[in-house]
Amino acid sequence: MSWPLSFAAPGEATPAAVGKTILDRVKDPLWSVCKIETVPSKVVAVGTYNDASVGPIVRRADQQLREACKRDGIAIPEYTEGSVKFAQYDAIFSLGKRRGEVWIDLEDGGHPWK
């Protein structure tokens, strides 16, 4: 399964338009529960891991990212405590090296990026 994604590259104000193929697919009854949503930009801290995306692995990667942010003086919002955001880029049952990320939303002023 794959999810279409468009984004604004650095220096661009808006993402590229969603392709016609995707817009046509959303009209199909099979995909009628799906919606296309534009979300405002935000800055996130990202940590990577190469193991399966199971609870203990994801929580450990999240904790390591939080410790690295704290060490580097990057403020982590309190509302992110107790929750974990992660992305898994390989099929659930794939073998070999995997690609996963944990994400922590950062608030304006708590980091050096604009």
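Of all the residues in region 48-95, those that are in a strand (DSSP E or B) and either modelled with pLDDT of 95 or more or open to solvent by 50 Å² or more (accessible area, probe 1.4 Å) (or both) number 4. Of all residues in region 1-47, those that are in a helix (DSSP H, G or I) and of a type outside the set (Phe, Trp, Tyr) total 10.
Looking only at region 8-25, decide whether some residue is out of contact with any Leu (no Cβ under 8 Å at 6 or more places or on another chain) and touching a residue at least 40 places away in the same chain (Cβ under 8 Å). Looking for residues that are out of contact with any Leu (no Cβ under 8 Å at 6 or more places or on another chain) and touching a residue at least 40 places away in the same chain (Cβ under 8 Å), one finds none in region 8-25, hence no. Are any of the residues in region 29-36 surrounded by 10 or more Cβ atoms within 10 Å (Cβ to Cβ) and in contact (Cβ under 8 Å) with a residue 12 or more places away in the chain? Among the residues of region 29-36, at least one is surrounded by 10 or more Cβ atoms within 10 Å (Cβ to Cβ) and in contact (Cβ under 8 Å) with a residue 12 or more places away in the chain, which makes the answer yes. Taking each residue of region 96-114 that is farther than 17 Å from Arg71 by Cα and open to solvent by 100 Å² or more (accessible area, probe 1.4 Å) and looking for partners that are at pLDDT below 85 and acidic (Asp, Glu) with beta-carbon atoms closer than 8 Å, six or more apart or interchain, yields Arg99/Asp90.
Of all residues in region 63-87, those that are within 20 Å of Asn50 (Cα to Cα) and touching a helix residue (DSSP H, G or I) at 6+ places or on another chain (Cβ under 9 Å) total 4. For region 48-87, filtering for residues that are hydroxyl-bearing (Ser, Thr, Tyr), within 23 Å of Asp108 (Cβ to Cβ) and in contact (Cβ under 8 Å) with a residue 12 or more places away in the chain leaves 1.
The values are calculated or read from the model by the stated rules, or taken from the named source; none is laboratory data. Not measured: the values here are computed from a predicted model. FYI the Cβ positions are ideal-geometry reconstructions off the backbone, even for glycines, and counts take in every protein chain you see. Surface accessibility is based on the protein's heavy atoms, side chains included, excluding ligands, DNA and RNA. Shrake-Rupley method; radii C 1.70, N 1.55, O 1.52, S 1.80 Å.
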